Amino acid sequence: MKRQADRRQQEIENWKKSDKVMLSMKDLVFKERPVKKLMKRYMWPYEIEEIVLRNVVKLKLLASMRIHLVVNISRIEKYREPVKGQIVEELKPVEVDEVEEWEIKKILNKRKVRGVDKYLVRWKEFIAKNDI
């Protein structure tokens, strides 16, 4: 029995305080993006604030995220710095009346879905692959 159980066990990575990690978005629900396939798989980078148990860590998360700070290590991955020459583009939104918004460069298309207007837009300062 032990041999069969050990076959499925994986090596546990030794996490240290202040390690940078990526948090899995597998079970997180966001109202802004109801379709999972359009979301990123991991949010990153976050820092480990404390090792609670061997398989549980406490992360330094943003207060606006409204999720529990303590997560199982199965929900995190080690953060890897971008490769030299890799483009990582995370632009900050513009705040208008205390609401975060991005500026639109051009409206590319418009359609009605169940009576609601949907727009395809080109965002200012974003490249074409970010059009949604």
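Here are a few things to note about the model shown:
- Database remark: amide H of PHE126 closer than 5 angstrom to no amide H (H placed geometrically; neighbours at sequence offset of 5 or more, or on other chains; Pro and chain starts carry no H).
- Exposure proxy order (Cβ contacts within 10 Å, fewest to most) of MET1, MET25: MET1, MET25
Rule-based calculations on the coordinates, nothing more; no lab input. Note that the structure is predicted; figures quoted are calculated from it, not measured. Because the Cβ atoms are built from the backbone with ideal geometry, glycine has one as well, and the counts that use them run over all protein chains shown.
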